[in-house]
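Each remark here refers to the structure printed beneath this line.
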Amino acid sequence: MDNIKAKHYIEYTKGGITDKFHEGDKVICRTADEEYTGTITCVGEFKENEDADSVTVICLDTSKSIWSYSSEIIKFDDIEFMCKDFLADANINSDISDEETRKNTYIHMFTDMGYDRFKVEKTWNCLEKLMKQFNIPFEKAMGCMIYALKYDCGIEIPLKNICGIDVGLMEKSMPVCQKEMAKCFGMAVASGLVYLLADSFAKD
């Protein structure tokens, strides 16, 4: 692209985790309006014309097949989250119905990648509960898992960045919700008692 001055790589930091992105990297990239998956074809400085200020951009090949080409130029400042799509070439089969078989299949896959088995099992067990609780698509969940293993962080970080699920915030809000539910229940019971008493007096 003639109006993009290419760089060797671009650095992106989110939640204290910094990574370098190069041409050829397969990535997940999210802006305020859209989420993209694709391959970086170029990173650099872009100018719409000679008089415009240059802005840092990444160019993504977002094609889904060899028969349909699509691409995006994304301003670096518009990126809300970006990470490498480590499972882009993996065969993620969400149709394994037996939970134990699925667990063993993917724990084996992650340990074959070189990750510690104890850490893999611990992360899986935590994520499995959250998948059911928040109805997280399996492919997204596996993306969160590889992110947590790769960057040695808690599963709550990729869940927030990749899936938009803030587990910490929800856990903090739960006691408040429970108090409100108890309050509403108490009011309902009191209202019911008042109604029964009024009905009893009316019959007398």
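The values are calculated or read from the model by the stated rules, or taken from the named source; none is laboratory data. All values derive from a computational prediction rather than experimental measurement. Cβ coordinates were reconstructed from backbone atoms using ideal geometry, including for glycine residues, and neighbour counts include every protein chain displayed.
Every condition in (1) surrounded by 15 or more Cβ atoms within 10 Å (Cβ to Cβ); (2) more than 23 Å from residue 31 (Cβ to Cβ); (3) at pLDDT below 90; (4) of a type outside the set (Lys, Arg) is met by residue 200 except one, and the failing one is (1). In this structure, residue 120 does not satisfy being in contact with a strand residue (DSSP E or B) (Cβ under 9 Å, 6 or more places away or on another chain), within 23 Å of residue 145 (Cα to Cα) and surrounded by 14 or more Cβ atoms within 10 Å (Cβ to Cβ). Of the residues contained in segment 42-64, none is found to be within 28 Å of residue 105 (Cβ to Cβ) and either of a type in the set (Ser, Thr, Tyr) or assigned by TED's automatic domain parsing to the domain that holds residue 147 (or both). For residue 38, are the conditions met, namely being buried (at least 17 other Cβ atoms within 10 Å of the Cβ), of a type outside the set (Asp, Glu) and under 21 Å from the mean Cα position of the chain (by Cα)? Taking the combined requirement at face value, the residue satisfies it.
Please specify each residue of segment 90-108 satisfying the condition of being farther than 17 Å from residue 125 by Cα and loosely packed, with under 12 Cβ neighbours inside 10 Å. Hits for segment 90-108 are 91, 93, 95. I need the strands (runs of 3 or more DSSP E) fully contained in segment 19-123, keeping only those with at least 3 residues that are touching a His at 6+ places or on another chain (Cβ under 7 Å) and among the aliphatic types (A, V, I, L, M). In segment 19-123, no matching strands (runs of 3 or more DSSP E) lie anywhere. Looking at the structure I just gave you, is residue 168 at pLDDT below 90 and either out of contact with any strand residue (DSSP E or B) (no Cβ under 6 Å at 6 or more places or on another chain) or not in a helix (DSSP H, G or I) (or both)? Yes; evaluated as a whole, the condition is true for this residue.
Pairs linking a residue in segment 58-74 that is free of Cβ contacts under 8 Å to residues at least 12 places away in the same chain to a residue that is assigned to a loop (DSSP other than H, G, I, E, B), with Cβ atoms under 7 Å and 6 or more positions apart or on different chains, are 69/63; 70/62; 70/63. With respect to (1) surrounded by 15 or more Cβ atoms within 10 Å (Cβ to Cβ); (2) closer than 30 Å to residue 145 by Cβ, the lone exception for residue 64 is condition (1). When the residues of segment 19-35 are filtered to those that are free of Cβ contacts under 8 Å to residues at least 40 places away in the same chain and out of contact with any Asp or Glu (no Cβ under 6 Å at 6 or more places or on another chain), the one that is nearest to residue 157 (Cα to Cα) is 35.
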